[in-house]
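The values are calculated or read from the model by the stated rules, or taken from the named source; none is laboratory data. This structure is a prediction, so every number in the text was calculated from the model and none was measured. All Cβ positions, even for glycine, are placed from backbone atoms using ideal geometry, and neighbour counts span all protein chains on display. Areas reflect the complete protein model, heavy atoms only, side chains present, ligands, DNA and RNA absent. Shrake-Rupley method; radii C 1.70, N 1.55, O 1.52, S 1.80 Å.
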Amino acid sequence: ANYYKTMQFLSASATFGQNLQLSFLEIADGRQQEGSDNTILYRTTLGLNGSYTSDAENLLLSAKSYWQGGKSAKGNRINAWFLAFHASYNIDRFRFTLGGDYFSGDDGLDTTDQVNNAFNNLYGSGHGYYGSMDYFRVIDKHTLGGGLRDLYVKLGFGITEKTSVNLAYHDFALANRVIDPNYTGNGLKALSRELGTELDFALNHSLSQE
């Protein structure tokens, strides 16, 4: 039940001049419906990516917008989305980066809503994007369906042609309300949306071209 039985994808890209590139991605994956022997339910993910690169200005800008629809393996309708932006600027041997990612999530306190609003980053490709400590790999699962907001600042410095250091600061928060499992009062209580911060430091050295 945790693996897709069939998948189709479509990818297209185009370059405009020397600076602008646009790409489109569509993935339809089918999963066996829970409690059924042969019913396949499809989830569709549609995305548009854009990037602008200027070597003269040492600038890189990129943006992504994705939507998910269809049905989950439980048969619930899916309506989820994802947005991201990224800007990098080089000054001599320094590289400054500012960006953010937003995954929509379910409102855990709305017990009547049967629509799945938690965006799934397909196949758990979280490492390298949402902090090196890997708290968030499968976003909908690791946020208990609440979604994720990640704002980050990064600084890179080239010591030599083969050695560099990188520093990244992440500020994590839930995109929507998640039930506090430790609350013992009447009704339901939501967890704080603030999840904390992370500071990553990396030292990179290339031994050879191989």
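Quick one: would you say THR112 is open to solvent by less than 60 Å² (accessible area, probe 1.4 Å) and either within 17 Å of the chain's Cα centre (by Cα) or not small (Gly, Ala, Ser) (or both)?
On the way: open to solvent by less than 60 Å² (accessible area, probe 1.4 Å): no; either within 17 Å of the chain's Cα centre (by Cα) or not small (Gly, Ala, Ser) (or both): yes.
No.
Tell me which residues, restricted to segment 161-210, are in contact with a strand residue (DSSP E or B) (Cβ under 9 Å, 6 or more places away or on another chain) and farther than 30 Å from GLY145 by Cβ. Passing the criteria: LYS162, THR163, SER164, VAL165, ASN166, LEU167, PHE201, ALA202, LEU203, ASN204, HIS205, SER206. Candidates SER208, SER164: the one that is small (Gly, Ala, Ser) and either open to solvent by 70 Å² or more (accessible area, probe 1.4 Å) or modelled with pLDDT of 95 or more (or both) is SER164. Here ALA73 meets the list (1) surrounded by 13 or more Cβ atoms within 10 Å (Cβ to Cβ); (2) part of a strand (DSSP E or B); (3) on the phi < 0 side of the Ramachandran plot; (4) small (Gly, Ala, Ser) almost entirely, failing just condition (2). Checked against (1) small (Gly, Ala, Ser); (2) within 30 Å of GLU34 (Cβ to Cβ); (3) out of contact with any helix residue (DSSP H, G or I) (no Cβ under 9 Å at 6 or more places or on another chain); (4) buried (at least 17 other Cβ atoms within 10 Å of the Cβ), SER88 meets all criteria but (2).
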